[in-house]
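Submitted below is the structure of interest, expressed as structure tokens.
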Amino acid sequence: MTTNGRALDGFVPASSPFSTRTAFKSLSAVSRAVLPNTPQSLWDQDTARLPSAHAALRRRAREFADRVIAPIALELDVTPQPPCGEMHPLMRDVFVKASKEGFQSDLAFPPPLGTASVRGDRYPVLSIAVKVEEFARACGGLMLNLMVPALGQSPILISGDANAYRRFLIPAYREMKAGVPHPFSFLITEPTAGSDVEEGHGASVYTPGMVAKRVPGGWSLSGRKRFIGAGDLSKTISVFAALEGEGMESWTLFVINPPVPGYRTIRKELKLGMRASGTAEVELTDVFVPDSNIVGGLRNGWALNRASLNFSRIPVASMSVGFARGALEAALEFAGRTTLGGKALVNYQEIELMLAQMVAETSAIRSMVWEQARVFIPRQGAASMTKLHCTDRALEVCNMAMDLLGNHSLLHPNKVEKAWRDARLPIIFEGTNQINRLAVIEDMQEEVLSKCTP
């Protein structure tokens, strides 16, 4: 990475004695050894901070995103969703390649059961976060299609039920490794309950819409679920339902393998962002689920749901880092190729200040994600504060990119308006950011109460 004696307006070239590139060379060998000063991209600097297994994963994910996802991102963003139950051929090709290259079966189990890194298993959330950022930077919709299966698998994994692993996860991983798509879905949101299924106080007064009725040999499930990623395509579905005559405290995790009688997709949504991904409303009418397909035990669904959200909120924050980075890279490219007054925009100090702020914001939220992801499963407060802060700041980075490009930001090929649309969605899903703020306080409720005067 060289500048060939060039410099931006207002800066000295690297060869100048006033540049740290040159000035540091005159210091002692000891000083030079502790003063990193070799030209290096921001991406390489960040990657060097990761454990070796995660650094290798980041390189693989970026190469896959550049080779497979980015070339079709703009096309699938404007292509209408196919009918329910169908997958666009380009999307199927992405799924197949991601499956064959181990990106769909790497959530928990190392070879031969899955494709997770043995060295990376200590920090599984960091592994997901690293991968999500690279995919999201290339395309939010395609990233979401590839990452929704992890959310559908998470309550099964967290249950600790080895029999469920054997029946539902390992066979799916076997298919994926052979290049056969096996989407999973996570069904919690109901037509009259978004936040109420993600927050304790709301759940305590909510009347469940999805109800499980006892029948010989199992349970009959009826009700609707909304905003379900891949709900029309999934082969394995984690659905949460209350037991008949009881409230949300009876929520139970049932696993269904469509197609089954009584399960149907009502529609797919036309969304603002992440448009390459299908989001469905589904209806269950007397869907029979055998007792053997209850995971985690009766009435333990609420706990598995909340634990799954704690697991998934940091990857949601990481996808926002990806959107911010995509907007930053698009803005930097635009500022370098667009001229004003006979020189590139990037030579103007106002533009440099905007770009520097975008770099700082993006770097800060990435650091927060990586710090909070260095645990096996994050606790509620950490997961929620990371999700709410990173998604909010990522949207602001996209706003800055829109401002920098001006009218050009509205043009689809410049990618900035797409990054903005994609970045707007994570502020809402996985619990709105208001709900996540309440989750932070809930997790520290004992400490807060200790400060209160009786």
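The values are calculated or read from the model by the stated rules, or taken from the named source; none is laboratory data. Note that this is a predicted model, so its numbers are computed, not measured. Virtual Cβ from ideal backbone geometry, glycine too; neighbours counted across all protein chains shown.
Sort out which residues of segment 1-25 are touching a helix residue (DSSP H, G or I) at 6+ places or on another chain (Cβ under 9 Å) and not in a loop (DSSP other than H, G, I, E, B), and write them in order of number.
Those that are touching a helix residue (DSSP H, G or I) at 6+ places or on another chain (Cβ under 9 Å) and not in a loop (DSSP other than H, G, I, E, B): Phe24, Lys25.
Do we find that Ala129 is of a type in the set (A, V, I, L, M, F, W, C) and buried (at least 22 other Cβ atoms within 10 Å of the Cβ) in this structure?
When the stated conditions are applied, Ala129 passes them.
Taking interchain pairs and intrachain pairs at least six residues apart, which have beta carbon atoms under 7 angstrom, with the first residue in segment 141-165 and on the phi < 0 side of the Ramachandran plot and the second of a type in the set (D, E, K, R) and part of a loop (DSSP other than H, G, I, E, B)?
What qualifies is Gly141/Arg275.
Shifting gears a bit: Name every residue in segment 391-435 that is acidic (Asp, Glu), assigned to a helix (DSSP H, G or I) and more than 10 Å from Ala331 (Cα to Cα), in order of residue number.
Asp392, Glu396, Glu417, Asp422
Residues checked against (1) touching a Ser or Thr at 6+ places or on another chain (Cβ under 7 Å); (2) surrounded by 19 or more Cβ atoms within 10 Å (Cβ to Cβ); (3) part of a loop (DSSP other than H, G, I, E, B):
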site	(1), (2), (3)
Asp66	no, no, no
Ala70	no, no, no
Met91	no, yes, no
Lys97	no, no, no
Pro112	no, no, yes
Val118	no, no, yes
Arg122	no, no, yes
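Can you confirm whether segment 175-184 contains a residue that is hydrophobic (A, V, I, L, M, F, W, C), part of a helix (DSSP H, G or I) and either modelled with pLDDT of 95 or more or over 20 Å from Ser312 (Cα atoms) (or both)?
There is at least one residue in segment 175-184 that is hydrophobic (A, V, I, L, M, F, W, C), part of a helix (DSSP H, G or I) and either modelled with pLDDT of 95 or more or over 20 Å from Ser312 (Cα atoms) (or both).
If you don't mind, there's one more thing I want to ask. For the subset of segment 428-437 comprising residues that are touching a residue at least 60 places away in the same chain (Cβ under 8 Å) and touching a Leu at 6+ places or on another chain (Cβ under 7 Å), which member is nearest to Ala70 (Cα to Cα)?
My answer is Glu430.
A further question follows. State which residue is modelled with the highest pLDDT when the search covers only segment 335-374 and only residues that are under 17 Å from the mean Cα position of the chain (by Cα) and in a loop (DSSP other than H, G, I, E, B).
Result: Ala373.
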